[in-house]
Every structure is written in C-alpha cells, then in structure tokens.
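As structure tokens, the structure follows; a few thoughts come after it.
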Amino acid sequence: MNQQFSLFLSRVVASLLAMVLALSAMGFFLVWVARSIDSEDIRRQAELAGYAIGEVRANISHNQESSTFWDEAVKNTAGGGNAEWIDGNLGTWMHTFFGIDEAYVLDEQNRPIYAFADERPKAAAFFESRRDVLAPFLQALRAKIAAGEPPAEGSQELSVGVADYVYIAGRPAIVSAKPIVSDSGELEQPLSTIRIHVVVLYLDGAIIDRVGQSHVLEDLKFVASGQGDPRRSSISLSSSIGSAVLSFQWVPFRPGQRLLASLSPVLALVGSVLLIGTLVISSASYRRKLDRIRNEEHIRYLATHDPLTGLLNRSAYERAADELIEQFSTRQQSDPLAFLFMDLDRFKQVNDILGHQVGDAVLVEFARRTCEILPANAPVYRVGGDEFAALIPNRTRREIEQLCSQLIDSLVEPMEFDGRRAFVGVSIGVSMAPYDGSDRAELNRKADVALYHAKTAGRRRFSIFGTQMDDAIQNRAAMEAELREALRTKKGFSVVYQPKYAGHGSHMLGVEALVRWEQPGRGMISPALFIPIAEEAGLIADLGLWVLEAACRDAVAWPVEHLAVNVSPVQLRTAGFAETVLDTLEKIGFPASRLELEITETDFADAEEAGMQTIKTLNAAGISIAIDDFGTGSSTFERLRNIDCDRIKIDRSFVKSITESEGDSEIVRAMIAMAHAKGLKTTAEGVETAEQRDILRSFGCDELQGYLLGKPMPPQDLTQILNETETLAR
C-alpha cells in the first residue's frame, strides 16, 4: 500500500513540475484527442451505415425466395400466369409484408406478364418504362442461370440472383432479380422456360429512416450528387452493374467535439488542475467506449432475440437449424432431430376480448412454461406473433410425443392476470430429420403441414408429419380453389329446408335453411368439410349472404312463422354484419320478425364481448336469436341465467339418449324448464322416433325437428307440402 501511495505521489509531483509546459500544450492535445475520438466514431458509423444498407439489399433477395423458390410459383406463373395468385404472392403481398415498392414477373423472353407499382397492380406494359434500366440485371441473371451458377457463397439464399444499386427515374433504389424455380426439384424447368421475378425498393423514403433509427444514425438520408452537406458524415455505395453511385449522409455524433465544448469553460478557469482535467478526459473517453460496447451488444441482442418474451427470434432459429442439421448429418446420429412448430389456439380472441396487454402476458407466460418443459439443449424460439418453434436433438419419436403432450397439458388450466382469465391452447406440428428431409426449408414446410393438420383436427393436439398430410393439404387447397370458383359463378350451391313442427299438434311452425354444395367430379360435399374452409379462406361472408338471400326469397311467401338461418362466428365478428342482414331483408321484403339466426353455444360464448353489440342490434330490429347445439358448450346452466337470446335448440345427442338414459332425460327436462322460466322458446333437434317425440311433448318442448317429422328438402318439395297442408285445412 505504501509503495503504491509513493508511486501515486511521485506521479503527482511530476505532474506539478510538468504543469507549466502541459498548460501550453493542453489546448492542442485536447483538440487532437477530440478529433481522434470523432474520427474513430465517424469511421465506425460509416461502417455501420454501409453494413445496414447492405443488409437491406441482402434481405430483399432472401425475402423474394419465400415466393419464388416454390413449386406453386412455377405453376402459377406458367403460360399466361394466374393473375390473382401472382398478385397475392409476388406483388401486393410482397409490398404489404416486405415493403417492396415495385414488382415485375417476366416470361422466358423477358416480356412482362405482371407489374406492380404505386401500391397497386399495373398494366404489364408499365414494365416498358423500366426495361432499359433493368435490362443489365436481367442479362446478368440469365447468364448466371445459363452457366448453372449456384447462390452466392455464405448467403442464406437458395437460388441464384442478382441484386445491386441503381437509379430509377432519378431515385436511388435496390433492384433484385430472382428466377422462379422449383423448391422440390420435381418440376422440369428447361433453361428456356425459366421466368424471372424483379423487385424494386427505393432508398429515399421510410426504409432509410428505419435504418437510421435502428442503428442510431441521426437523420440518415440519401443525397443527390453535388448536394451534400460538408458538415455531415457520408458514405458512397457503388454498384457493380452499371455505374450508379449512391451517397448517404447523417449527422455525426462527434462525442469528442461535444466533450471538448463542455470542458472548455472549466479548463479556462482552472487550468492549474491539469491532472484532474486529464482524468476527466480519460474517464469520459472510457465511458464512451463502454457505452459503445453496450450499444453494440444491445444491437446484437436485438438482432437475435424477441424483445417481449426474451426468446431467440426467427433469424436465430434459422441459423441454429442449419447448424444442427449440419452437425446431425456429420455425426450420423441414430436419434432424430425434431422440428417443433407451436401455434397458440384462440389467441386472437384473447387479444380481441381481453386486450393486447393480456395477450402479451399470455405470450410471456407460454414462453416461460415451454422453456421449463423442453430440455436444456432445446431452446425455444418466437418466430411470429403467436408462433413458436423448438429444435430438439437426440430424442426418440416416443420422447417427442411425451414432450408435446406435456406442452399441451400445460395450458389445460387458464392463465390469470389481474383477475382476468385467458383460455388458450396450443397446437403442435412436428417434422423429424432425417426421415422427413435433410434441409431446413423442407423440414420447416413439413412441420408447418403437420401443424395445419393438428389445427384442422380440432386444435389442442399435436401431429407428427406423415406423407398423407401433404395429400390432405393439396386436397384442401384444391377444394378452396373450387369453392372460390363456385362462389364466383354461384353454381353448385343450393339451399334445402328442414321443417320444424309445433311440440303439440302437426302444424309446421318454421323451417331451417341448410346450404348444400355439389361439385362436379366430387359429388355432394358435406358442409362439415367446406364450411371450415370457407371460414379460413375468408369466403364465409359471401357464402352466408348468398344463403340468407336465397332462403329469404324462397320463404317470403311460405305460411310459416319463422325461417332459421345459421350464422358463422366469423360473420358475427365482422364489422357491419348486422347492417348487411337488415339491408338484405329490406331489399327482399322479408319481415325481420320472421327471421331467426342460429349461433352455436360455443360461438355465442366467444362472442360474449366481441360480438354482443351485433347480436343486440339484430335483436332490437326484431330478429330472433337461437342458441344451436345447446348443452354441448361449457357452463350451460350457469349461462342460461344471463343469456341474451330468444330460443335454445337442444342438441341431438341429448335427444337421442332420452329414451336410453334417465339422467339425460332429466337433463333435457331441466333445460326446457329453465328456458321457459327465462322466457325462452325451445326446439329439440334430431327427433327420429315416435317415443322421443312423445317424451319431448310431455316435457313441454315448443318445437320439434328431425327425420321423423321431415328431412331436409328442396324448396319446391317444401312448397308442395305447404300447399297440400293448406288445402286440407280448407
């Protein structure tokens, strides 16, 4: 300690003796230090700016491949091209999802078959205004394709491409050209038939603002030649295709200059404390270095982590997947490598009903539970809004199944936040290397297919990829396309009507409209198959409106009290649905008091907050609301106390068992009694025997429906029955 103090004292004395000389040199020294610090910091900022803009260029090419490296893209751009598909995957979608400003699809002779610009599709001829500036890119790409050149070494791209800087109509831009090629390799593509996808991203707008903000480059912007500000820092980027040179400037931070300005008054007043000033400068410089290190570490962290959950993000997932696949292939391990895709069920309802704050809390809690369940060598990744992934090495199929079951069971109990309960589940899709492939893209696709299979099978379950799932996906896609065409032409759809009779007597009180679809080549398709597809594809609103209009036109002259039409939960949540229904009734002249909309009990529970206003608006207009499949949902008897409807329809499963189970018989009796106490009417569906009919009549059920009384029939048959009944009544 004494030796250290002596050393310190000797340095102080030496400093005092040298102070006179140091004072005269201090000014020059400080200026030199400030300029050195500023020079180094500006150099680092220039490197960061060049790297950031370069990343934008690299990401464009990578993002293109989400739609160009795909069998479907090859098929839908062949010939004259599927305009709707191209716009939805290679034009408008890329603008919405990736911020692309212009997009073009060119045939094998570089003739345009699609153009997108100014935030909307353009006539294909619009490309001719860009042909001259884009020609070098097309020529370079065609040359690479002809030479069989592979993607750039070290990139994550799956196909060859050309991307560079260029000026278009005086605006700086990045142009990226990619071939539209098969991802499976199963499609034959002679070089003379390959089509090209070109995208343009302008660098004088919001994209540069985002780059500047995310990399702490103040007021980063493009500057035209000769218009630069000498007080700003700048970087020039040259293209290898053509002679374009793009310059960008920003306001440099200049930490040394700021530090010198803050210290100058102090140094002028207390120049005698040179040692303290030196310590302050050294300390400030050191702090700046630490701050820079912390900022760079934070930027690296954000590049690989999700800020909400703290999990690794999609880019980290892709790198880890590639590394694990390579290690797996090298070591030739016996146990597989599992790819898990997890998607939360009912998460949208949580956001809509409980708010995004609770939704964020659900994501954080799910991340915590998942990390606790999965092994330590299997990190969890958040790859989308409510989408998560995991890579699990060295586990057998049986062990993967057990882990999936544990994940699903972990969400059986609701999550509670500040007294608000959120009910969510999780569906899981699994693919396994090497059985399902040996590259990330294929394993991702198959895990996604398995996830879709789990979703369509009823959610809250997991599926491990099987080859039959690909067939199911293709069949579903084909059915969706056929459904779209049928809705466009209104061919193949029909409405049948099942009569509903009074509980006592033989008087027909009403009818229920049921949609049917007959597709050439497939025959009659069950509503249980095409209705979910219509909901997922966003077609249910058009289909539901068509059914409503057709049913009202058929029933307007029928002598029945009410017409029942089923309503999808998607329609119920659609803004303006109530107004659409009322406008339809007014157009056709069908009285609102004769219309009854049927909503399943589960869907009614989901709409308790989000769609209740729609239900109240319809009810206030005189339209009756019926709860379909009553008894199959949760908390049925408790819900009857506060339910806001006019009728309940007792599910056929209870009706079927009233002659077999005394317990079920008493449940049905209690449902009818409680409904009547609430002032609600009751309908029993699925009445198939005279014994069921007689028991329901003894319980006081208001209305009966089932095959015993009448099967669903076309409108002309129902009209004939009604006419015969009216004739007999006379």
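Key figures for this structure:
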{"quantity": "Check on D554, acidic (D, E), modelled with pLDDT of 85 or more and buried (at least 17 other Cβ atoms within 10 Å of the Cβ)", "calculated": "yes"}
{"quantity": "V687 in a helix (DSSP H, G or I) and crowded, with 17+ Cβ neighbours inside 10 Å", "calculated": "no"}
{"quantity": "Residue check for A321: on the phi < 0 side of the Ramachandran plot and free of Cβ contacts under 8 Å to residues at least 12 places away in the same chain", "calculated": "no"}
{"quantity": "Yes/no for T580 being over 23 Å from G492 (Cα atoms), part of a helix (DSSP H, G or I) and in contact (Cβ under 8 Å) with a residue 12 or more places away in the chain", "calculated": "yes"}
{"quantity": "Hits in the range 371-383 (condition: under 14 Å from L403 (Cβ atoms) and within 21 Å of the chain's Cα centre (by Cα))", "calculated": "V380"}
{"quantity": "Output for the range 455-467, where each listed residue is without any contact (Cβ under 8 Å) to a residue 60 or more places away in the chain and either under 10 Å from F339 (Cβ atoms) or under 17 Å from the mean Cα position of the chain (by Cα) (or both)", "calculated": "F465"}
{"quantity": "Some residue of the range 237-247 being assigned to a strand (DSSP E or B) and surrounded by 19 or more Cβ atoms within 10 Å (Cβ to Cβ)", "calculated": "yes"}
{"quantity": "Flag for E157 being under 30 Å from E323 (Cβ atoms) and touching a Pro at 6+ places or on another chain (Cβ under 6 Å)", "calculated": "yes"}
{"quantity": "Residue list for the range 93-143, filter: among the aromatic types (F, W, Y), part of a helix (DSSP H, G or I) and under 23 Å from V74 (Cβ atoms)", "calculated": "W93, F97, F98, F127, F137"}
{"quantity": "Inter-residue pairs, beta-carbon under 9 Å, first over 18 Å from T193 (Cα atoms) and in the range 146-158, second in a loop (DSSP other than H, G, I, E, B) and β-branched (V, I, T), 6+ apart", "calculated": "P150/V160; P151/V160; A152/V160"}
{"quantity": "Check on I174, surrounded by 20 or more Cβ atoms within 10 Å (Cβ to Cβ), on the phi < 0 side of the Ramachandran plot, touching a residue at least 40 places away in the same chain (Cβ under 8 Å) and assigned to a loop (DSSP other than H, G, I, E, B)", "calculated": "no"}
{"quantity": "Residue match in the range 19-42 (condition: of a type in the set (K, R) and outside the structural domain of L138 (by TED's automatic domain parsing))", "calculated": "yes"}
{"quantity": "Test: residue in the range 316-338 that is over 25 Å from N377 (Cα atoms) and not in a helix (DSSP H, G or I)", "calculated": "no"}
{"quantity": "Residue check for T600: modelled with pLDDT under 95, closer than 26 Å to R346 by Cα and of a type in the set (S, T, N, Q)", "calculated": "yes"}
{"quantity": "Complete set of residues in the range 56-81 that are part of a loop (DSSP other than H, G, I, E, B) and surrounded by 17 or more Cβ atoms within 10 Å (Cβ to Cβ)", "calculated": "W70, G81"}
{"quantity": "The range 325-382 - residue that is among the aromatic types (F, W, Y) and within 17 Å of A422 (Cα to Cα) and, of those, surrounded by the most Cβ atoms within 10 Å (Cβ to Cβ)", "calculated": "F366"}
{"quantity": "Long-range neighbours under 6 Å by Cβ, at least six apart or interchain, first residue assigned by TED's automatic domain parsing to the domain that holds I625 within the range 670-682, second outside any helix (DSSP H, G or I) and among the small types (G, A, S)", "calculated": "I672/G700"}
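Matching residues to (1) among the charged types (D, E, K, R); (2) assigned by TED's automatic domain parsing to the domain that holds G523; (3) assigned to a strand (DSSP E or B):
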{"position": "A389", "(1), (2), (3)": "no, no, yes"}
{"position": "Q406", "(1), (2), (3)": "no, no, no"}
{"position": "G429", "(1), (2), (3)": "no, no, yes"}
{"position": "G437", "(1), (2), (3)": "no, no, no"}
{"position": "N444", "(1), (2), (3)": "no, no, no"}
{"position": "D448", "(1), (2), (3)": "yes, no, no"}
{"position": "Y452", "(1), (2), (3)": "no, no, no"}
{"position": "Q474", "(1), (2), (3)": "no, no, no"}
{"position": "S494", "(1), (2), (3)": "no, yes, yes"}
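The values are calculated or read from the model by the stated rules, or taken from the named source; none is laboratory data. These numbers were taken from a predicted model, which means no experiment stands behind them. Because the Cβ atoms are built from the backbone with ideal geometry, glycine has one as well, and the counts that use them run over all protein chains shown.
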